Each structure stands twice: as C-alpha cells, then as structure tokens.
Amino acid sequence: MLRFTLILLLADFSFAELSAQDGWSLKEEESGIRVYSRHGQAKNNEIKVELTISAKLSDIAAILLDIPGYSEWSYNCQRSYVLKQLSKNELYFYNEVKTVWPASDRDVVARLSITQDSITKNLFVRTVSDPHFIPEKKEFVRVPYSVETWTVTPLHGERAKIEYYLQIDPGGSAPSWLINLFSTKAPLESFKKFRVKVRQPKYQQAILDFIRN
C-alpha cells in the first residue's frame, strides 16, 4: 500500500521518544487499526500497521491483485494499472499518487508478488519498486526506493490478522508540515476503506487456485 503511505514520508519524521525496544512508536490506534513508525536508515523511514479483518485469504489476495481498484480505497491514489502480468500471482504495476501543494506528485513502478506457506497458510505479499522499468514522466517525481510487505495470518471464522510494513525513500523534498498532516490519516483511512471493500462480492467470490483458505 505504498500508494498511500509514500505520502507520509515526503519529509523527515519528527517522533516523540521511542517507546518500544525495537524502535517502533505507536502513532495512532483507532477502530482496531494500530499505526507505528520508526526511523530507518538514511532517507528510508518506516511504517507498520496492524489490524484484524473479517475476510478470507482469497478475498485479500483478490483485492490486492485488482490494481485498477486501488484508487477506490488507497489514500490519494489517483490511478493504478498493470504494466506486465508475469503470472497469476506476480505482476508489474504503475501508480500515481496525488500530494498536497507545494509537494510534487509522485509515481511508483513496482513488482508485486503473492505467495502462501503450504503448512501455516500464511499469506505473504511483497512489493518492490523498480523505478527504471519504464521511463520517468516529467510531471511526477519517481519514487526511487520502496519495499512493502504484508503478512496475513488466517484466524478462525474467516478472519485474518494483517501486519503491513513499508520502507521507502519517496525522492524529492517537501515541507515538514506535510508529513505531520498525513502521518496517521493516510493509513487509518486506507485500511478503514480496505476493510469494507474487501467484503464486496467480486472479491468474496474470486477463485484463486494458488490460495488455500
């Protein structure tokens, strides 16, 4: 979901005293969604989100593979589309993210893959940027580096626990107030919408032969 979280990282974070031994600081908790952040190396700051949702593993995989649908739930995503389909569970995609003036809009080119542990049934989603896969567009700042992972653990009663993690260098620069404005709003609003949208029939009825619920 770097489509919304990269907007959080357009400038350096200004954190309160870190509360956890591993450096994660709880920034917001609402509606069962917990948003953490910590300083990463160099310009690569980090975000972590944890929540539990009512959905099957196939529902979650289906919505994440629906690249054009990202604009309906991912915060400030203007447009997303598939660049190259590598297999049923792996692809390259392009994404445009609207920021707030005076920051420049960003775009992302990345490779998405979804795999599943055959024993635990845990779902693993990995998105890694590939900024040179297509030429840059003059009206956007191309995100030079991002690594995004989802670990989805199935629970009883068609429920799942999600741990989302992002490390990113958004490129360019932006005023510090911008990061303060979006540091909690973007992940909260996106996961609220994701939680609702994943229950739509087109995702619930999706048949993915590489996923075991």
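None of the figures in this text is laboratory data; all of them are computed from the coordinates on show. Just so you know, these numbers come straight off a predicted model, no measurement behind them. Glycine gets a Cβ as well: all are built from the backbone with ideal geometry, and neighbour counts include every protein chain shown.
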- request: Report Rg (one decimal) and Dmax (nearest whole number) for the stretch 80-190, counting Cα atoms only, units Å.
  value: 16.2, 49
message: I want the antiparallel fraction of DSSP beta bridges within the stretch 57-213, as a percent rounded to 5.
response: 95
- prompt: Around residue 46, which amide H atoms from residues at least 5 apart in sequence, or from another chain, sit under 5 Å from its own amide H, with H modelled in the peptide plane?
  reply: 38, 40
query: Spin-label point model (7 Å from Cα, Cβ direction): what's the residue 204 to residue 26 distance in nm?
result: 3.2
message: Kirkwood hydrodynamic radius, computed over distinct alpha-carbon pairs, for the stretch 89-133: how many Å, to one decimal?
response: 12.5
task: Could you pull out every one of the aspartates and glutamates with an alpha carbon less than 14 Å from that of residue 185, ignoring same-chain neighbours closer than 8 positions?
output: 28, 29, 30
message: Can you tell me the mean projection area, over all orientations, of the convex hull of the stretch 26-118's alpha carbons? Units nm², please.
response: 8.4
query: Mind checking which lysines have their C-alpha under 27 Å from residue 137, skipping anything on the same chain fewer than 8 residues away?
result: 43, 84, 98
field: Around residue 54: net Lys/Arg minus Asp/Glu count, Cβ-Cβ under 10 Å
entry: +2
